Amino acid sequence: MIKVLSKLRQNKIFYTILILILIMFPSAIYKTSEGERTAIVVMVGLDVDDTRPKSEQLELSIMYLAPQSTSDINKSYTVVTALGENVSDCLSSLEAKTGKRAGLSHCALIIISDTVAQNGAMQYLDFFTRTNNLSTNSLLVVSETPKELLQAQQEESNSLSISLQNILDYNQNHQFTLDIDLESFHAQYFDEASTSFLPIINVKSGDAQESGEGGGSSNNESGANSNSSNANSPDASSESTTSDQTTSSSGAKGPAKLEIVNSGEVAVMQRGTMTHKMSQSQVEAMNLFSDQIKKGSITINNYSSHSINNADFVVELTQKSVSYSYFFADSRPVFRVSLNAKCKLSEIAAHYYSIDSISIVDTQITDSFRNVLIDKIAENYTNLINWAKSNNIDLFGLTKQYYRLYSEDWTNYLSTIPDTKNPIDDMLFLIDVKLIDNG
Amino acid sequence: MNNSISSKQVGTLLFFSIIAIKAVLLPAIIYFYAGTNGYITVIGVLTIDFSLLLCYLAIMKRYPNKTFVNIMEECFGLVISKVLVAMILVYFAIKTILMIMSTYNFLEQVLYDEINWIYYVIVTLAFLYFVVSKSLRVFGRSGQVLFWIVFFAITLVMLITVTNTDFTALLPLFPNGAKPLVDTGFKCAVGFGDYTILIFFLGNTAYTKHSTRHIITFALLGITTIANFYIVFLCNFGYSVVNQNLAIADLTLYIDLAVSVSRLEWIAVFSWLITMVVQMSVYAYCFNQSLIYLLPQKISKHSHLILVIITGLTLIFGNFTLQNIASFVLSQGYSIFACVVQIGIPLLLLLCLLIYRIRKPHSNPPALPTNKQAIEEGQK
């Protein structure tokens with residue numbers, strides 16, 4: 001031991017480490033832990049009310065994690081709201097209110113209200129694109145009532161409930177959206193197409209819930225009570241709610257529970273501003289032509305085959321692959337979507353079924369039915385394109401792609417069209433559909 | 001103590017030098033000035049740099065035992081040699097300070113909420129005091145050990161991000177002509193000239209028959225890695241690339257896969273920290289070697305203390321921020337100075353080669369030992 005110590009006396013590394021410890025120790029020993037000083041923000045909601053004074057126009061709600069001694073992690077979530085002129089202002093108020101610094105490094109979701117989206121979301125999101133505090137790539141969602149959405153999410157405490165996370169995961173794989181994370185949204189703001197498509201998720205007041213129902217604890221429901229009441233309070237300028245604030249007597253019927261609703265609508269954001277909303281049917285149609293989505297379905301209404309009359313046929317498209325071609329023909333940009341998919345008859349809704357209609361032999365997709373399907377897909381495509389043209393919406397990011405791939409031709413094309421702000425209006429759109437029967 | 005290092009160790013240190021400063025703040029700056037064709041600037045300047053590496057290798061191969069100072073004194077005399085080393089000293093002093101600032105910025109923004117600047121400076125200077133007093137072999141061995149960790153990390157980062165890339169972001173080519181790209185290359189000279197560290201490896205490298213191949217292989221690996229990084233970086237972020245001031249950390253945080261698979265970004269973050277610390281040490285070593293040559297012999301044995309004092313005083317009283325030091329190194333004056341050092345010195349070495357040939361036209365270069373012979377020599 002003495003030998004080791006005497007060797008250490010001659011070791012420069014030992015002295016270096018000793019110096020480091022001596023320097024760092026006094027500066028770190030008295031500090032409280034990072035976790036106690038920081039509110040771990042997991043979601044943010046932004047809303048604007050133009051009728052309020054300027055210094056209180058922006059409403060920022062955060063859902064943060066405040067660890068508590070409970071086995072249910074959802075009970076540790078708290079929703080707090082503050083008003084201010086800008087995001088920094090609101091965050092300062094929230095920090096003063098909670099006594100904790102707002103740590104955004106785990107903020108997975110930013111919910112913007114319709115008003116924020118219509119006013120131009122970038123002015124409110126600028127803080128999040130600049131701050132180094134937000135170190136993750138948050139997703140963006142549009143909602144009519146961001147604060148209520150946070151409160152509804154806060155209420156979710158049993159595994160059977162619909163959570164925002166499930167909805168977002170589902171949307172990512174099954175619903176047409178584009179540039180829904182903050183970085184992509186920010187990047188698209190500056191690019192030529194400058195169009196992104198954000199999911200719209202809302203909240204509605206569900207049926208009254210009885211205590212003990214669905215495996216939820218009384219604490220959980222009491223949280224629902226307080227949340228829904230807060231959500232309905234007219235001057236909810238600044239309040240906080242936790243899931244276990246109050247208790248309610250067992251068996252009592254609580255007020256309406258907030259439910260998260262994925263309407264299937266999508267907000268069309270052009271230059272950071274919501275200009276249109278895509279309806280659920282438009283989004284479903286667009287799902288067919290999106291290269292991100294691998295499945296789809298199509299309904300043929302009032303179709304008659306030899307075995308069944310006037311029925312609605314639902315066909316599922318599996319193993320769908322979509323590719324896009326960009327080229328010029330006669331100095332005019334031509335965009336072609338090639339859709340290849342296997343199709344499978346998944347449902348026939350009719351008033352009367354014959355025995356043939358359930359036989360595997362007679363429910364194959366015939367050539368004539370395939371043609372009907374192709375016509376229906378083409379019709380959907382045409383409708384979508386016409387809608388996009390009339391509203392100047394670049395559904396496929398074409399202005400960006402043509403600028404990148406055919407810079408010179410594109411510039412020439414822009415100089416020939418009457419309305420350069422709506423370049424897709426004069427473009428030619430084609431579709432090529434190949435369907436294979438999947439049995 | 002034998003101060004010479006193997007060519008593989010030189011190669012690994014060159015690899016660190018090529019990648020270290022280019023994957024944090026520089027990408028955003030280059031893309032800001034050059035637009036989305038910034039990657040062409042990077043590839044172009046890396047190619048020029050690579051051709052300058054060949055100048056160093058030519059003289060290393062011909063005169064493996066001559067140091068830079070030996071060569072300059074023999075060819076141009078003591079005064080010019082001192083002036084050149086003084087320029088190199090300033091060059092590496094600025095690079096050391098820049099690296100210290102970049103590392104602080106990286107730590108502050110990625111790992112901590114706040115770090116006390118004074119504590120950071122004290123700790124860093126203590127580390128530099130320790131490390132610059134070490135021989136070149138210590139750097140070589142450290143580089144060799146850490147190389148695989150860093151190479152694996154940056155390869156992993158690019159592999160996981162490649163799924164998210166939109167390669168059309170690389171187009172169109174030259175939308176505003178080539179001038180902005182050339183101007184950017186000149187303006188961002190501070191981020192290049194990676195082979196300048198070889199000045200202090202001249203005469204200290206166990207040059208064998210395979211050394212040229214080893215060094216070139218590592219250099220090409222570094223060039224390919226960093227060129228790919230710039231491409232992947234642009235294809236992920238598109239126009240918002242100019243907003244990503246911590247490129248490598250931002251890239252991993254941007255990818256859902258990296259974040260969802262239990263924070264893969266930490267691999268990139270920590271490996272990058274290693275890279276920055278290694279590079280900071282190498283720059284400080286070069287700074288120290290310049291001091292040793294310039295200071296009188298009695299004082300030169302305390303060169304590492306003088307280095308720490310100069311750096312410490314500059315950092316503490318200079319009132320620097322990364323922004324103002326970045327604007328200084330991007331200024332025209334500094335760019336000219338950096339180009340003179342980065343391009344002028346290898347060309348001077350080429351001139352020295354010519355001078356040696358004129359002075360002794362019939363002398364053959366010494367036969368290079370094989371790897372085995374070099375190892376045996378080292379053991380002796």
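Just for helices (runs of 4 or more DSSP H) wholly inside the stretch B:232-351: which have at least 3 residues that are open to solvent by less than 30 Å² (accessible area, probe 1.4 Å)?
B:247-254, B:265-294, B:303-317, B:322-329, B:332-339
Do the conditions hold for B:Leu89, that is, is it buried (at least 17 other Cβ atoms within 10 Å of the Cβ), more than 14 Å from every other protein chain (Cβ to nearest Cβ) and over 24 Å from B:Leu347 (Cα atoms)?
Taking the combined requirement at face value, the residue does not satisfy it.
Inside the stretch B:157-176, can you point out the residues that are among the hydrophobic types (A, V, I, L, M, F, W, C) and either within 11 Å of chain A (Cβ to nearest Cβ) or open to solvent by less than 30 Å² (accessible area, probe 1.4 Å) (or both)?
Residues satisfying the conditions are B:Val157, B:Met158, B:Ile160, B:Phe167, B:Ala169, B:Leu170, B:Leu171, B:Leu173, B:Phe174.
Of all residues being hydrophobic (A, V, I, L, M, F, W, C) and open to solvent by 30 Å² or more (accessible area, probe 1.4 Å) in the stretch A:379-418, which is nearest to the other protein chains (Cβ to nearest Cβ)? Just the residue, please.
Applying the filter and picking the extreme gives A:Leu405.
How about the stretch A:277-316: which of its residues are over 26 Å from the mean Cα position of the chain (by Cα), not polar (S, T, N, Q) and not in a strand (DSSP E or B)?
A:His306, A:Ile308
Taking helices (runs of 4 or more DSSP H) that fall entirely within the stretch A:1-53, which contain at least 2 residues that are within 14 Å of chain B (Cβ to nearest Cβ)?
Output list reads A:12-28, A:34-37.
Under the condition of being open to solvent by less than 70 Å² (accessible area, probe 1.4 Å) and part of a helix (DSSP H, G or I), which residue from the stretch B:352-380 is modelled with the lowest pLDDT?
Checked the stretch B:352-380; the qualifying residue modelled with the lowest pLDDT is B:Gly378.
Does A:Ile308 count as open to solvent by less than 10 Å² (accessible area, probe 1.4 Å) and closer than 20 Å to A:Thr382 by Cα?
Taking the combined requirement at face value, the residue does not satisfy it.
Name every residue in the stretch B:177-197 that is part of a loop (DSSP other than H, G, I, E, B) and away from every other protein chain (no Cβ under 14 Å), in order of residue number.
The answer is B:Ala178, B:Cys188, B:Phe192, B:Gly193.
Check B:Ile100, B:Ile149, B:Ile122, B:Ile154 and return the single one that is away from chain A (no Cβ under 14 Å), in a helix (DSSP H, G or I) and closer than 30 Å to A:Arg101 by Cβ.
B:Ile100
Please pick out the residue among B:Ile18, B:Ile88, B:Ile59 that is touching a Lys or Arg at 6+ places or on another chain (Cβ under 9 Å), assigned to a helix (DSSP H, G or I) and under 26 Å from B:Ala206 (Cα atoms).
B:Ile59
Does the stretch B:50-59 include one or more residues that are open to solvent by less than 10 Å² (accessible area, probe 1.4 Å) and under 22 Å from B:Asp250 (Cα atoms)?
The answer is no, given that none of the residues of the stretch B:50-59 is open to solvent by less than 10 Å² (accessible area, probe 1.4 Å) and under 22 Å from B:Asp250 (Cα atoms).
Looking at the stretch A:93-189, what helices (runs of 4 or more DSSP H) fall wholly within it and have at least 1 residues that are of a type in the set (S, T, N, Q), touching a His at 6+ places or on another chain (Cβ under 7 Å) and within 14 Å of chain B (Cβ to nearest Cβ)?
Passing ranges, in order: A:122-130.
Being in a loop (DSSP other than H, G, I, E, B) and not hydrophobic (A, V, I, L, M, F, W, C) is the filter; apply it to the stretch A:190-202 and report the residue that is nearest to A:Val141 (Cα to Cα).
A:Ser194
Tell me the residue from B:Leu294, B:Leu264, B:Leu322, B:Leu246 that is away from every other protein chain (no Cβ under 14 Å), touching a residue at least 24 places away in the same chain (Cβ under 8 Å) and of a type outside the set (Gly, Ala, Ser), please.
Exactly one residue qualifies, and that residue is B:Leu294.
Go through the stretch B:125-146 and give me each residue that's in a helix (DSSP H, G or I), within 14 Å of chain A (Cβ to nearest Cβ) and polar (S, T, N, Q).
B:Ser142
Could you list all residues from the stretch A:311-357 that are polar (S, T, N, Q), at pLDDT 85 or above and over 30 Å from A:Leu398 (Cα atoms)?
Result: A:Ser346, single match.
The values are calculated or read from the model by the stated rules, or taken from the named source; none is laboratory data. Computed from a prediction, not measured in an experiment: that's the story for all the values here. Reconstructed Cβ throughout: ideal geometry from the backbone, glycine too, with neighbour counts over all protein chains shown. Calculation scope for accessible area: heavy atoms of the full protein, side chains included, ligands and nucleic acids excluded. Shrake-Rupley method; radii C 1.70, N 1.55, O 1.52, S 1.80 Å.
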